[in-house]
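First up is the structure itself, then whatever we jot down about it.
Derivation of every value follows stated rules applied to the coordinates shown; laboratory data play no part. A quick note: this is a predicted structure, and the numbers were derived from the prediction, not measured. Here Cβ is always computed from backbone atoms with ideal geometry, including for glycine, and neighbour counts include all displayed protein chains.
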Amino acid sequence: MNLESPTTYEGFLEITKSNKAVCFYLSTPECNVCKVLKPKVIEMIENDFTKIDFCYVDLNEAKEISGQLSVFSVPTILVFFEGRETIRASRNVHLKELREQINRYYKMMFE
């Protein structure tokens, strides 16, 4: 399920606390790599990890979030399980490695 994009750090924290598992995709509209990668990440989450919610964060609209989370490059993918950051992938994201990392925690949580 796609969640509404937070614009404040408090909103971000609320999403992490109110959902058991969330994949955040932090990016900007100007990022060309992000435009290609985002649909692939969404497809992976929807098909392989159905119990993880997806949330896009536009860092142009949410500068406080990038500062609080020390996100200095895009795209950055953060995966939270039970309110804790478990996986962080930035800039050069390899989908196969990301899938393997998520799968490891996903199996522990949901299977």
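So if each residue of separation counts as 0.36 nm, and I subtract the Cα-Cα distance between Thr7 and Phe72, what length gain in nm does that give?
21.7 nm
Whole-Hz Karplus ³J(HN,Hα) for the stretch 72-81, in order, using 6.51 cos²θ - 1.76 cosθ + 1.60 and θ = phi - 60°, x for Gly and Pro?
Each residue of the stretch 72-81 in turn: 10, 9, 10, x, 10, 10, 10, 10, 10, 10 Hz.
Hey, got the Cα dimensions of the chain along the principal axes, in Å, largest first?
Extents along the principal axes, in whole Å: 37, 28, 21.
Tell me, what is the percent relative contact order of the chain, built from C-alpha pairs under 8 Å that lie six or more residues apart?
The normalised contact order for the chain reaches 34 percent.
Whole number please: convex hull volume per residue, Cα atoms of the stretch 1-59, in Å³.
Hull volume normalised by residue count: 64 Å³.
Please report the Cα spread of the stretch 57-100 along all three principal axes, rounded to whole Å, starting with the longest.
30, 25, 14
Straight-line reach from Lys38: which lysines fall under 20 Å, measuring Cα to Cα and dropping same-chain residues less than 8 apart?
Reachable lysines: Lys51, Lys63, Lys96.
Quick one: if the Förster radius is 41 Å, what FRET efficiency do Met108 and Asn60 give, using the C-beta to C-beta distance and rounding to 0.05?
For R0 = 41 Å, the calculated efficiency reads 0.70.
Cysteines of the chain lacking any other cysteine beta carbon under 4.7 Å?
Isolated Cys, the chain: Cys23, Cys55.
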